[in-house]
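Worksheet: one structure, shown below.
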Amino acid sequence: MAAAGAEPGADPAAGGVRFFCTAGRGLEPFLMREVHARLEATQVEYISGKVFFTTCSDLSSMKKLKSAERLFLLIKKQLPIAASSLRKGKILNEMQRLINDDPGSWLKAISLWKKLLEQDTKGGKVSQRDTNPLKRKVEENEIVSAKKLKLEEIHRESHREDQRIRLPEDSREQGGALTRADGLQEQGLQNDLVKTADTQSQEDLTFRVSCRCSGNIGKAFTAQEAGKVVGIALMRKFGWKANLRNPHLEIFVHLSDAYSVVGIPLFRVPLASRTYIQTAGLRSTIAWAMASVAEIKAGALVLDPMCGLGTTLVEAAEEWPDVYYMGADVSDAQLRGACDNLKAAGLADKIDLLKVSVTEIPLPSQSVDVIISDIPFGKKFKLGKDIKSILEEMERVLRVGGAMVLLLSEDHHRHLRDCGGSSIPPTSQGNITDPEMRMFLNPDKRSGTSDTASPSQKASSSQCPSRVVPCGSLVPVECFKVSLGKTDAFICKYKKAPTSGPPPAGCHEPGAPPEMATLPESPRLQDSL
């Protein structure tokens, strides 16, 4: 049995408040690690697509979560409505009981909601670049300078200065202005929300219900029908008024065969909608997850040889600023979009862009510390020759012991797996192969807590065994299956081994089974009910 979570009405000073975040499928372990590290969260538990936790942190700290989609104040979570064994009228009564059985929890949640927003307004908006427990400390600024000088010399020697995409010197100020404007807009929305919540009594609150139904209950009722039932019950119980366009309050309800969850969204804009990304490319949460497993350290040279709109580089530079970043692409349109994103993020002096082919990277062998890249899923990249030449060139410029993190389509992943190599199962919510990653997902192990993976985690990881070794010296470390919406993909991490001798730390000899570890126990929702 999981430890009982804090009640939604708990006093923050007396043990914390209960929240939950939504996350893309496969990103739950990244989010679990984040709430531990950033928020010092306790009583962390998960269900597919959601992570529940208790924390005393304020909203300014929770705004910094990078792998979450949305943040909610938890009102209640309970066992599912048994739609398959009940008549429609009985199901309606069960929905109404979400409100009528425990009105006190609703009143406590509304009080907490007001208090959190008031504290956030008084504290002011904290910059995304302020104190961050995940950022690496600067060791030697001279290291970064030396890397820049080295690369400048390489560019001169290769006579490719005419291909280099340079950004205006004032781009940092322009990007800062854009970010500040977005921040002020968000702050204005929050101020309006606090004023209305503060000046109105609970009876004068306006609200709307956002409902999601899945499984058997989704077959019996549409989301609109279920939302209407919950909305009428709230009006009758508390006297609130419905307002679908501009309410003071939004109520989120998810009814499934596994659970019933009710919460209040704390921000109108999802956390995954970055204020510093002007032109969206790869989903920011996926880009951040890729960078977070790449072992980026201060002074490193990080390359994205197929950078597209630069989302991955921007996410990495926002989190690990004391690093030299370089992006490359053959598309003028993509590079122009990347330039716009760098300006908006104020990162023009942190990231250099080149117009070059990924198969002809103008860098010496073993000159790059980390490679992060989203391998395009388009048809122009054939599964055989093209991807092989791409990976060979990446392998060439990566130093021995360096890390390479790739986002692969299912077709690319299957092709590389079928080429043969050592066995490495996907670690999405399951087996973790790298010691650093085990601590990444399980910071409480230091204190000796007894944590085990749930049966559903083990089942998930066993469904997709893989054998992925793209090139001779690239040794697989771990693999995460993640959702991109309509399709799935794989975040695969490799380390470059020396041509002879033992592989680098955290890697495995070809043919040898990788070391297995388990996620920290993130108790399933049903276990805590």
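For the range 38-129, with the dipole built from +1 on Lys and Arg beta-carbon atoms and -1 on Asp and Glu ones, taken about the Cα centre, which of 41, 73, 105 lies farthest toward the positive end?
73
Can you flag which of 64/495; 350/486; 219/486; 88/115 are past 31 Å Cα-Cα?
As for pairs spanning more than 31 Å Cα to Cα, those are 350/486; 88/115.
Give me Rg/Rg_expected for the range 241-316, where Rg uses Cα atoms only and Rg_expected = 2.2 N^0.38 Å with N residues.
Against the empirical 2.2 N^0.38 Å value, I get 1.61 for the range 241-316.
With a/c under 1.5 counting as rounded, go ahead and sort the range 216-367 into rounded, prolate or oblate using the C-alpha gyration tensor (a ≥ b ≥ c being the square roots of the eigenvalues; past the cut-off, prolate if a/b is larger than b/c, else oblate).
prolate
Read-outs throughout are calculated quantities, based only on the coordinates presented, and are distinct from any laboratory measurement. If you're wondering where the values come from, they're calculated on a predicted model, not measured in any experiment. Every residue, glycine among them, receives a Cβ derived from its backbone with ideal geometry; neighbour counts consider all protein chains shown.
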